[in-house]
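As structure tokens, the structure follows; a few thoughts come after it.
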Amino acid sequence: MPGRVITITSGKGGVGKTTTTANIAVGLALLGQRVVAVDTDIGLRNLDLVLGLDNRIVYDLVDVVEGRCRLRQAIVKDRHLPELALLPAAQTRDKSAVTAAQMCALCGELRQEFDYIMLDSPAGIESGFHNALAPADQVVIVTTPDVSAVRDADRAIGFIEANEKGPARLVVNRIKPEMVRRGEMLTIEDVLELLAIDLVGIVPEDESVVVSTNRGSPAALDRKSQAGQAFRNIAKRLHGEEVPFMAIKPSETLLGRLVRLVR
Amino acid sequence: MTDRQISVRGTAEGLIVDIGAGDWEGLLRELDRRLSQSASFFRSGRVALRVGARILNRDEIEALGRALQKWDVSLWGIESESLETRAAAASLGLETRLLGGRLFVLPPTAEPEPPAGPSGVSASEGLAVRRTLRSGASLVHRGHILIIGDVNPGAEVIAGGDIVVWGKLRGLAHAGAEGDDAALVCALRLLPSQLRIGSHVSPQPGGARPARDVPRMALVRDDAIVIEAWTDAQVLAGEPSSNLFQRLWRRLAGSSRNA
């Protein structure tokens, strides 16, 4: 059976597309699926860093498209997780180096080798976004509970629907339970009410994600990380499993507990 | 692959280009390539496009027209299964019925019709859209607009006549856009980011969210936009600009009470 192409996109930048792509890819690989994460953000390569594979890149996506190497030569396999691979973006070119048709052809080849092809889309709604959208079988929208991120997500969903790539599924990233409780942040319900698409995961704000991202070891590999658990659950849901949404508790620090006692 | 997505055929009325499903930008590039290859064939010709269910707004259609103009080809019509696309095309004066009456087609709205009432909007010019307008969407129509769905923040609805939203209106709405101060904006949840009626503009009218989520109606009274609860009696008092919409309102307001 040919593999499925899942495009991760957001509209707004900085909401955690790349982190989400890396972690869902790890989650699917942990389920024993053959996964390739593809960085389509040509010119602003990131996914390799988050996956900790940056120092092993020889060829990239543009080299494949322009015929300078075979597809297999450009794919970087993860040493610890043999099911996981990366197709990196070119760092020295820009979005115009690849067309939507080329992305579709490339994904057609990858479908033969992998169960899941995870496309990390660039931010924005320009050509790079459309290139990442063109081959998608499923689109996952990442947003944070901020008014601006939600509005941009709404715009992206409009494009996805217009291109008949819907219905997209939603990941709400970086929920801060404390702020939601105080009414300072949009709630999941607020976000869902506006975007009106199926929710596939809620990821709590978790400092361990920042640490693991910088270290190049995705949080989904960390059994103790709350966000890691959330990402593994998203992978299971995308794979077709029914997983209940976990209750998001504020992670209580010692200092926080002391402050509360003093109050 | 690309050949099947764009096909050109000749008819008595001129060339018709079928644009299939797929990435719109890519298809436009392909169309441009085809025109460049056979520039002499198309030169000074007129072309109509069939775009399937695709939703194109005025800007996109205008861009298409400019792209064709580059090759000395004029765009005369757009056929689409999407009402919105047809409305946008019609508002640019393009034909929307190319190949017989297979589809339900809006009455042409390119030429302003003689005034049919105090507002100058004829009753036959309603556009009904059953869809949520997401951020960035723009719906422009010379007549009345009825939306069954929401208008999200960042979307805009501009009507020559009245605007009725059977859902939440949180984007921008401009009723009576051609200067009709008697136009109305009604919504089940009227929380627009900005409201315009005729020549009046009101940022965040009605201030904060009302205590009760009741259907509300905006109209111009004493030279200012005011918002009131949307009830049957008030709609009638507000003298809506056409009988058709009066009936529609009565029905909608009635069913909201039953719900």
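The values are calculated or read from the model by the stated rules, or taken from the named source; none is laboratory data. Quick caveat, the model's predicted, so the values are computed rather than measured. Because the Cβ atoms are built from the backbone with ideal geometry, glycine has one as well, and the counts that use them run over all protein chains shown.
Details
- So residue B:66, is it among the basic types (Lys, Arg), farther than 22 Å from residue A:165 by Cα, part of a helix (DSSP H, G or I) and modelled with pLDDT of 85 or more: yes
- Evaluating residue A:128 against the criteria (1) within 13 Å of another protein chain (Cβ to nearest Cβ); (2) closer than 16 Å to residue A:194 by Cβ; (3) surrounded by 24 or more Cβ atoms within 10 Å (Cβ to Cβ) leaves one unmet condition, (2).
- Within segment A:74-94, not a single residue is touching a residue at least 24 places away in the same chain (Cβ under 8 Å), within 14 Å of chain B (Cβ to nearest Cβ) and either under 18 Å from residue A:47 (Cβ atoms) or among the polar types (S, T, N, Q) (or both).
- Where a residue in segment B:144-161 is more than 26 Å from residue B:181 (Cβ to Cβ) and more than 11 Å from every other protein chain (Cβ to nearest Cβ) and its partner, wherever it lies, is hydrophobic (A, V, I, L, M, F, W, C) and outside any loop (DSSP other than H, G, I, E, B), with Cβ under 9 Å and at least six apart: B:148/B:128; B:148/B:129; B:148/B:165; B:148/B:166
- Residue check for residue A:103: under 16 Å from the mean Cα position of the chain (by Cα) and either touching a residue at least 40 places away in the same chain (Cβ under 8 Å) or within 12 Å of chain B (Cβ to nearest Cβ) (or both): no
- Residue within segment A:143-162 that is more than 10 Å from chain B (Cβ to nearest Cβ), farther than 14 Å from residue A:188 by Cβ, assigned to a loop (DSSP other than H, G, I, E, B) and in contact (Cβ under 8 Å) with a residue 40 or more places away in the chain present: no
- Taking every residue in segment A:41-61 that is surrounded by fewer than 17 Cβ atoms within 10 Å (Cβ to Cβ) and pairing it with any residue that is at pLDDT 95 or above, at least 6 positions away or on another chain, the pairs with Cβ-Cβ distances below 6 Å are A:56/A:76.
- Some residue of segment A:181-188 being closer than 19 Å to residue A:146 by Cβ, within 14 Å of chain B (Cβ to nearest Cβ) and under 15 Å from the mean Cα position of the chain (by Cα): no
- Every residue from segment A:18-45 that is assigned to a loop (DSSP other than H, G, I, E, B) and β-branched (Val, Ile, Thr): A:40, A:42
- The requirement of being under 16 Å from residue B:60 (Cα atoms), surrounded by 14 or more Cβ atoms within 10 Å (Cβ to Cβ) and at pLDDT 75 or above is satisfied by residue B:28.
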